[in-house]
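K.L.:
Before I ask anything, here is the structure I am working with.
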Amino acid sequence: MSILNRITTFDGTRDALRPLDRVDNVKQASGDFRKQMLAGPKVRYYQSFELVRVPYPSKYGYLNAHTGPSPYIHLCNRLFVIQFESSEGLKTLLASPSDWEHQLETPFFKRLTDSYGVFAPVSEALVFRKTDTVLNILKKIGLDPADVDYITYDHLHTQNVTRWLGGPGRPGLLPNAKLLVMREEWESTHSLIPWQNQWYCPGGIDGVPMDKVILLDHDTSLGDGSVALVRTKGHTEGNHSIVAHTPEGLKVTSENGVSVEAYVPALSPVPGVAEFARYTGAEVVLNGNTAEYAIDQYISMVQEKSIAGPNPRDERYPNIAPSSESAGYWLFPRTAPGFRVGDLQYGTLQKAPPARKAA
Ligand SMILES: [Zn+2]
């Protein structure tokens, strides 16, 4: 068994011409996949950390549903540090390691901060909450950057990965890490059409050596199968979900939804969201800033919640852990969700034996 193994459970589930047939097929396959994964081993360690909170248009966060007074919600970006066993020993994966200090050139954020003019320092301090950085978190938990084997992002909006992986003549700060990315996402990031490009950091993947990039064409399970990267396109052309088998079930992470209740909109106190679910019958509300594949995104969110199953902390909600979670904020009235995942921790971080470090 190698470290990356192809998953075939979802093959063909989106081939039907009729969208609701696709929804049914994906639901059924998700149930099978969930059973298989729950029967296997769990991750050795899983912990999430708040990095930064940023303003994000409510009209995109709850696409077609939001009717509240605040033009923005406050999104909390998290880093997930995950360790899993493999035939080559313990592997360390960082999911969503946002180098947020170096991605503010993303056109959407640049326009926003430029619009503050002379009020920039105050406005920025009010709307951005800078909690921590990836490198600082690694230091705090005692993880050597050289011990990171893989990094992955559910999609590449706003990301700047060049510092992590290096470029021509310049080593990466995570010297042994390889990026796991769906081929569509990688290719699309190289060649964005206008409006897509508002959300990608200019030069965010430029110069990254291809021997640091693993392009995936399929749903893929990692190592002993306690982590899976499942294709859940829609929010972007090639986004995927990170599924981790934890002591609290299968945690599913992506940015298809901005809150857990985006997956059960009927329970949302955010104005418009529950009503939208009631009058349309929608099972989910999309996070759609570029709306690249909206029908696929709907199906993907149904898939994510069917894989996740109920959250053991409150079974009315699915076991989703959004990579960017709407956090609520006094400046953005009536945007606080009814349920928040917050930071999670399972197991204890294993540090690499000295022998490996010397190698
Ligand atoms: Zn996005």
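The values are calculated or read from the model by the stated rules, or taken from the named source; none is laboratory data. Predicted, not measured: the structure shown is a model, and the values here were computed from it. Cβ coordinates were reconstructed from backbone atoms using ideal geometry, including for glycine residues, and neighbour counts include every protein chain displayed. These area figures cover heavy atoms from the full protein model, side chains too; ligands, DNA and RNA do not enter into them. Shrake-Rupley method; radii C 1.70, N 1.55, O 1.52, S 1.80 Å.
K.L.:
Take segment 319-350 and flag every residue that is open to solvent by less than 40 Å² (accessible area, probe 1.4 Å) and in contact with a Ser or Thr (Cβ under 7 Å, 6 or more places away or on another chain).
P.N.:
Ala321, Pro322, Ser323, Glu325, Ser326, Gly328, Phe332, Thr335, Pro337, Leu344, Tyr346
K.L.:
Checking Arg78 against (1) crowded, with 22+ Cβ neighbours inside 10 Å; (2) part of a helix (DSSP H, G or I), which single condition isn't satisfied?
P.N.:
(2)
K.L.:
For segment 209-220, check the following and say yes or no: at least one residue is outside any loop (DSSP other than H, G, I, E, B), open to solvent by 10 Å² or more (accessible area, probe 1.4 Å), within 22 Å of Gln103 (Cβ to Cβ) and modelled with pLDDT under 95.
P.N.:
So far as segment 209-220 goes, no, none of its residues is outside any loop (DSSP other than H, G, I, E, B), open to solvent by 10 Å² or more (accessible area, probe 1.4 Å), within 22 Å of Gln103 (Cβ to Cβ) and modelled with pLDDT under 95.
K.L.:
I've got another one for you. Would you please list the contacts, defined by Cβ atoms under 9 Å and residues six or more apart or on different chains, that run from a residue in segment 85-99 that is at positive phi to a residue that is open to solvent by less than 10 Å² (accessible area, probe 1.4 Å) and in a loop (DSSP other than H, G, I, E, B)?
P.N.:
Pairs found: Ser96/Tyr153; Ser96/Asp154; Ser96/Ser323.
K.L.:
Search segment 288-307 for residues being over 16 Å from Asp15 (Cα atoms), open to solvent by less than 40 Å² (accessible area, probe 1.4 Å) and touching a strand residue (DSSP E or B) at 6+ places or on another chain (Cβ under 8 Å), and hand back the single one that is farthest from the ligand (Cβ to nearest atom).
P.N.:
If we take residues in segment 288-307 being over 16 Å from Asp15 (Cα atoms), open to solvent by less than 40 Å² (accessible area, probe 1.4 Å) and touching a strand residue (DSSP E or B) at 6+ places or on another chain (Cβ under 8 Å), then Ile307 is farthest from the ligand (Cβ to nearest atom).
K.L.:
Search segment 132-154 for residues being farther than 23 Å from Val213 by Cβ and either of a type in the set (Asp, Glu) or out of contact with any Phe, Trp or Tyr (no Cβ under 8 Å at 6 or more places or on another chain) (or both), and hand back the single one that is nearest to the ligand (Cβ to nearest atom).
P.N.:
So the residue we want is Asp132.
K.L.:
Something else now. Of all residues in segment 118-137 being over 25 Å from Gly203 (Cα atoms) and free of Cβ contacts under 8 Å to residues at least 40 places away in the same chain, which is surrounded by the fewest Cβ atoms within 10 Å (Cβ to Cβ)?
P.N.:
Per the criteria, the residue is Val118.
K.L.:
Name the single residue that is most open to solvent (accessible area, probe 1.4 Å) among those in segment 1-22 being among the basic types (Lys, Arg) and in contact (Cβ under 8 Å) with a residue 60 or more places away in the chain.
P.N.:
By that ranking, first place goes to Arg6.
K.L.:
Would you mind stating whether Val230 is at pLDDT 95 or above, under 24 Å from Asn77 (Cα atoms), of a type in the set (A, V, I, L, M, F, W, C) and buried (at least 23 other Cβ atoms within 10 Å of the Cβ)?
P.N.:
Criteria met by Val230.
K.L.:
Failed condition for Ala262, given (1) closer than 24 Å to Asp11 by Cα; (2) within 16 Å of the ligand (Cβ to nearest atom); (3) buried (at least 21 other Cβ atoms within 10 Å of the Cβ), with all others met?
P.N.:
(1)
K.L.:
If you don't mind, another one. Being under 15 Å from the mean Cα position of the chain (by Cα), away from the ligand (no atom under 16 Å from the Cβ) and at pLDDT 95 or above, is that true of even one residue in segment 83-101? Quick ask: steps written out before the conclusion?
P.N.:
Within segment 83-101, the subset under 15 Å from the mean Cα position of the chain (by Cα) is 93-100.
Remaining after also requiring away from the ligand (no atom under 16 Å from the Cβ): 93-94.
After this cut, where a residue has to be at pLDDT 95 or above as well, the list is 93-94.
Yes: one or more hits.
K.L.:
Okay, next question. Hey, could you check segment 155-194 for residues that are within 13 Å of the ligand (Cβ to nearest atom) and touching a residue at least 24 places away in the same chain (Cβ under 8 Å) and say which is surrounded by the fewest Cβ atoms within 10 Å (Cβ to Cβ)?
P.N.:
So the residue we want is Ser188.
K.L.:
Additional query: So, in segment 235-259, how many residues would count as being open to solvent by 10 Å² or more (accessible area, probe 1.4 Å) and either over 20 Å from the mean Cα position of the chain (by Cα) or more than 16 Å from the ligand (Cβ to nearest atom) (or both)?
P.N.:
Qualifying residue count for the region: 3.
K.L.:
Can you say whether Asn197 is within 16 Å of the ligand (Cβ to nearest atom), open to solvent by 10 Å² or more (accessible area, probe 1.4 Å) and in contact with a Cys (Cβ under 7 Å, 6 or more places away or on another chain), as far as the supplied structure shows? Can you show your working first?
P.N.:
Numbers: within 16 Å of the ligand (Cβ to nearest atom): yes; open to solvent by 10 Å² or more (accessible area, probe 1.4 Å): yes; in contact with a Cys (Cβ under 7 Å, 6 or more places away or on another chain): no.
Spelling it out, it is not the case that Asn197 is within 16 Å of the ligand (Cβ to nearest atom), open to solvent by 10 Å² or more (accessible area, probe 1.4 Å) and in contact with a Cys (Cβ under 7 Å, 6 or more places away or on another chain).
K.L.:
Something else: Please find, among Arg53, Arg22, the residue that is at pLDDT 95 or above and part of a strand (DSSP E or B).
P.N.:
Arg53
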